[in-house]
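**Q** Here you go, one structure.
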Amino acid sequence: MSTTVSIKHNQPAAGQAETERYNTVVNAGTLYLVATPIGNLDDITQRAVEVLQQVDIIAAEDTRHSQRLLSHLSVNSRMLAYHEHNEEKMTEKLFAELVHGKSVALISDAGTPLISDPGYRLVSYVHAADNDTVKIVPVPGVCAAITALSAAGLATDAFTFEGFPPSRQGARLNFFERLAGQHRTMIFYVSCHKIINTLKDMQEVFSAERRVAFARELTKTFETIKRTTLSELLAWVEADENQRKGEIVLIVEGKTATATDSRQLDFYLSTLLAELPVKQCVKLVVQLTGENKNEVYKRALQIKDNPETAEN
């Protein structure tokens, strides 16, 4: 059992930043959420190393994967597997350890725990238990989503993290359509095996000219960061199989505030409906304007059924 040591620091004066480095002391009955490197092992923080070296238990998503990092850091703390398949059982076990005074560090395979990784159930459980003897302490560090956003060159004043899009195309298209009107920058994690299909679906829903930043293998040897349009990115990824390997983050620009003039939209629809089926017409207009696919489809049906409703 870890020894509980309380270190009291004087509160900083008004306007004074608290920047001193303190000795890291792990306390009993504390759950530490420890961020780990996403590639370059030198990105581990000194505080994270000291916490991992001192805790009683390390809950790791993949113990075999994490063992390489822990060996590199000369960490010998006891390690337990904590992943999506055993979360329910292990959550109760880990909470019991915390209640009995053990210190626990939660880590994922890479990056910040809970960001598209296991851990939510445990953190939520601790909060819900409302047990004053158990504390939660985040130990910040690398996060792939924020790392990619910082290098994307897209708006950062407002953004959303959308995680992994659905695997099946129908669900994925519906997922993107719900985000079509989003004005905030959007962050996605994408499997390298699904990157081409994902970009095709994004192009169909968000428009070919929507700007996107592609961040692959961040902090690793073959790190790649590229900002372009969805159509150009799709062609580039299709032409280079190396861009379909490794870990990928996509940063997609939000919908611009300026909406297409309703008369212009009706003009596009009326012109194309005279030559094309509704579905194909809608697809082209969405690509041209970036408007919401569902709204364009509704308007297309109105014009098709009653051409006189189109604005001149």
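**Q** Scan the strands (runs of 3 or more DSSP E) fully inside the stretch 189-289 and keep the ones with 2 or more residues being more than 21 Å from SER167 (Cβ to Cβ).
**A** Result: 211-216, 224-229.
**Q** Also: Within the stretch 103-172, considering only strands (runs of 3 or more DSSP E) that don't extend past its boundaries, which have at least 3 residues that are over 19 Å from the mean Cα position of the chain (by Cα) and free of Cβ contacts under 8 Å to residues at least 40 places away in the same chain? Lay out the reasoning, then the answer.
**A** Details: elements: 104-107, 135-139, 159-163.
Because the criterion is at least 3 residues that are over 19 Å from the mean Cα position of the chain (by Cα) and free of Cβ contacts under 8 Å to residues at least 40 places away in the same chain, no strands (runs of 3 or more DSSP E) in the stretch 103-172 meet it.
**Q** Being small (Gly, Ala, Ser), assigned to a loop (DSSP other than H, G, I, E, B) and closer than 22 Å to MET202 by Cα is the filter here, so list the residues in the stretch 290-312 that pass it.
**A** GLY290
**Q** When you check GLY39 against the structure, is it out of contact with any helix residue (DSSP H, G or I) (no Cβ under 7 Å at 6 or more places or on another chain), under 19 Å from VAL142 (Cα atoms) and in a loop (DSSP other than H, G, I, E, B), yes or no?
**A** It is true that GLY39 is out of contact with any helix residue (DSSP H, G or I) (no Cβ under 7 Å at 6 or more places or on another chain), under 19 Å from VAL142 (Cα atoms) and in a loop (DSSP other than H, G, I, E, B).
**Q** Looking at GLU88, GLU84, which is the one that is modelled with pLDDT under 95, part of a loop (DSSP other than H, G, I, E, B) and over 20 Å from ILE44 (Cβ atoms)?
**A** After applying the criteria, what remains is GLU84.
**Q** Within the stretch 177-186, is there a residue that is small (Gly, Ala, Ser), under 22 Å from GLN243 (Cα atoms), surrounded by fewer than 17 Cβ atoms within 10 Å (Cβ to Cβ) and touching a residue at least 12 places away in the same chain (Cβ under 8 Å)? First the steps, then the outcome.
**A** Of the stretch 177-186, the ones small (Gly, Ala, Ser) are 180-181.
Checking the rest, the ones that are also under 22 Å from GLN243 (Cα atoms) come to none.
Looking through the stretch 177-186, none of the residues is small (Gly, Ala, Ser), under 22 Å from GLN243 (Cα atoms), surrounded by fewer than 17 Cβ atoms within 10 Å (Cβ to Cβ) and touching a residue at least 12 places away in the same chain (Cβ under 8 Å).
**Q** Next question, about the same structure. Looking only at the stretch 107-140, which residues are in contact with a helix residue (DSSP H, G or I) (Cβ under 6 Å, 6 or more places away or on another chain) and over 22 Å from GLU88 (Cβ atoms)?
**A** Once the filter is applied, which keeps residues that are in contact with a helix residue (DSSP H, G or I) (Cβ under 6 Å, 6 or more places away or on another chain) and over 22 Å from GLU88 (Cβ atoms), the stretch 107-140 yields GLY111, VAL139.
The values are calculated or read from the model by the stated rules, or taken from the named source; none is laboratory data. Being a predicted model, the structure only gives us computed values, none of them experimental. Glycine gets a Cβ as well: all are built from the backbone with ideal geometry, and neighbour counts include every protein chain shown.
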